[in-house]
1. Report yes if some residue within the range A:184-198 is within 11 Å of another protein chain (Cβ to nearest Cβ), touching a helix residue (DSSP H, G or I) at 6+ places or on another chain (Cβ under 9 Å) and surrounded by 18 or more Cβ atoms within 10 Å (Cβ to Cβ); otherwise report no.
2. Counting only residues that are away from every other protein chain (no Cβ under 12 Å) and within 30 Å of residue B:24 (Cβ to Cβ), give me the helices (runs of 4 or more DSSP H) lying completely in the range B:162-232 with at least 2 of them.
3. Let me confirm something: among A:132, A:157, which residue is in contact with a helix residue (DSSP H, G or I) (Cβ under 6 Å, 6 or more places away or on another chain) and modelled with pLDDT of 85 or more?
4. Under 7 Å by Cβ, and 6 or more places apart or on different chains, what pairs join a residue from the range A:132-153 that is free of Cβ contacts under 8 Å to residues at least 60 places away in the same chain with one that is exposed (fewer than 13 other Cβ atoms within 10 Å of the Cβ)?
5. Tally the residues that are facing another protein chain (nearest Cβ under 8 Å) and within 13 Å of residue C:188 (Cβ to Cβ), restricting the search to the range C:264-282.
6. Which residues, counting only those in the range B:6-29, are touching a helix residue (DSSP H, G or I) at 6+ places or on another chain (Cβ under 9 Å) and modelled with pLDDT of 50 or more?
7. Quick one: is residue A:278 more than 8 Å from every other protein chain (Cβ to nearest Cβ), in contact (Cβ under 8 Å) with a residue 24 or more places away in the chain and in contact with a strand residue (DSSP E or B) (Cβ under 9 Å, 6 or more places away or on another chain)?
8. Residue by residue through the range B:135-156, note down the ones that are at pLDDT 90 or above, out of contact with any helix residue (DSSP H, G or I) (no Cβ under 7 Å at 6 or more places or on another chain) and within 13 Å of chain A (Cβ to nearest Cβ).
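The values are calculated or read from the model by the stated rules, or taken from the named source; none is laboratory data. Just so it is clear, the model here is predicted, and its values are computed rather than measured. Here the Cβ is made from the backbone with ideal geometry for all residues, glycine too, and neighbour counts use every protein chain on show.
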């Protein structure tokens, strides 16, 4: 769009002969890698729409106390299971007569927290382990990756439920179990990207400069590994949202009366014959969040795939 | 052309003056390699290792101070592996590297101080620059790693960029994809010079460039050599480029040295048939000089199982019985000129070999 | 080939051993004394000590693990605290029910997934591709337990076509392929099939697209091969990966069916796990997870072997 980008399209071989003399284009703060990724992402209508949905859900959760029309904990047995479109309860009321809209807004807080946090923690632990394994190679790699292999022997849902089941119900335990589920997956991706990067000429050039391995990793490897790993991690948020709510749905996560989408889905199961659409509402929220994260992640991936 | 502006702080002394790091004096080779061997294990079966690829299989040579040694050979002959062994990217299985009279790995010369004095420019100008770092950051990385402060390292990077013909204010902040191939290779040269090395290994450093850009970079390299008093090991498959650059030439074949000697002598009157074939296979601009027959046919044999005797005998037009059984040593054929061919050695048993003086 | 299988088994063995360690430690991860689940609340100290040594809880962990592994290798997974029956018999009954559900779901998912994948891969960037891709994204993003509830709402609560829960009439615990039992299978199987359908259609779309772009397909077309002939080549090249994904999905479904089984009250391993967790029946929890994980390890091994046998491009040695 602006002058610096046109230079990127100069044919590396053909344009080079004259480039030394004629490269008169002003360079004011050339665009970094992430700048161009974000620019491409912003041109992807699906990803931007999904990002907007996520933004709305996050804002609604943060400002729930301001937006919510009623107290999410106060119910009235006389006004149980009102239908969607009710004059007072716009989205109906639940099995204890609490306002669904308010509860759905408040529930976003715990659901998002429990869905996103495990991936964030796993991103740091997994990237660290993967980079160490990939860069060090040898027995360090064998040790780390063989342990990771063991965790891959459990389907992720089973591992999450097994750990939560053994640790007992609770928000913290759910977050710990989900983190353990995602660390091996992120480690594996980080390791394979690191192994690729480590053999690039520029890393070897940095190594032969006699720099400390730590400096080589920090300056030359980290930036190139974290990008792809980050995109992979964003694709896990969708899974994590579903699993986190699933744990609460089973009664292994949040405890009542705390509002959480998965738990609400569980407690409303008794109402599916009386008021089916209210009973299905919390699932709609999980679904919307999960699919939006997936679409943003897809958009991010294709925005990163383009090489200049 | 190469921005030979004012000499700035931190730069190596100009040619002619003595390098304070010089130890053995001008007669002492800057680099001497003795019996270098590297075998790569190919992917093995269930138990143990598979057959080995003899990438470098016993190589001795030396590079004198201030000279340029050209290294030629087909792909797979071991020239790049030799470079990587010298850079210690791969560790040799056997063999000694002696730098200015001091054995690498001895107390006098540890790896870190060796690497300050020997640097390398890679073939792929794009792959050898970190796409996430600006040009000046890439050049400043080495000095920074050796203890220079951030601003001092950046100042040195700017100075070097200027010396390789890139205006630092214009190019310093650019990313590798924002500059041309020739400019990238200039950056790589600047990066290699940032640690003030005495020996620069150029592994096909100009091979990927356009012909006109190649000439510019070669001129730059010649200028820099004079300016910084450098020694080059110049690896290329292009004999014309090697002819232009080198004082001496080393020809490699299947992990061994086939011939080594003064550039003029080797390129004018090669003593090894392989060198002759390489020279003959250069495309000629003279239509009358074109060959009807390819001088060198087929691929080099498998380095897993090099042929017995002379490694070149399977493709050599002059192969005789002795070539199939006995491996020729790298013997002197003229002053400072060595060839590993039975034909060049009197009394070797080859029918075309010169007669022994006794019989004559 | 035999060498490859041996090598692959040699690789799976330490993983399997690691799985037993994780399963063993699972019980020790649980907060509190593992004994407290077995003993009555008012147990005397003497009784506690007795039980402790009877269960081997007084020995150091590695010894406990060794004893436990020895029993496991002899088919003794312990006794369920809740029912008093051997864990192995409880689990094997549940596994057969789960396997039926997972296998049918995988089959449905594979059929539709490959169909959508082929359509999308052949008609890249057309509206068909977009529809198929949307279905795929739906499949991997939908919370399947919620989808199960919606299915029940639509097909049982509203339309009344299919039974909402259970594996058969009168709470039949053993599934049998008769029309009555089949009706009970429809909803959970279709719900479950959505996940593999999404994954498989995504994979097949990418595979078909890549294969069609390759030079050899262009060469086949240039040679004058009919579109059907080209299609056969595409199938042959896509099959190994697609089948491998299908095998892995079967494992994921078997291990991950707990949520759907809970929604539909399907008497499988998921249901068993649920019961084990809420009754704090740790031997049952441990045994079920061990069996499922071992099944998954074996399945991975089989998938690798089958894929290698089908795909000549993978080096066997």
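1. Yes - at least one qualifying residue is present in the range A:184-198.
2. Working: elements: B:168-171, B:181-193, B:211-228.
Qualifying helices (runs of 4 or more DSSP H): B:211-228.
3. None of the others qualify; the one that does is A:157.
4. Matching pairs, first to second residue: A:146/C:14.
5. 0
6. B:21
7. On the way: more than 8 Å from every other protein chain (Cβ to nearest Cβ): yes; in contact (Cβ under 8 Å) with a residue 24 or more places away in the chain: yes; in contact with a strand residue (DSSP E or B) (Cβ under 9 Å, 6 or more places away or on another chain): yes.
Taking the combined requirement at face value, the residue satisfies it.
8. Listed by number, the list holds a single entry, B:137.
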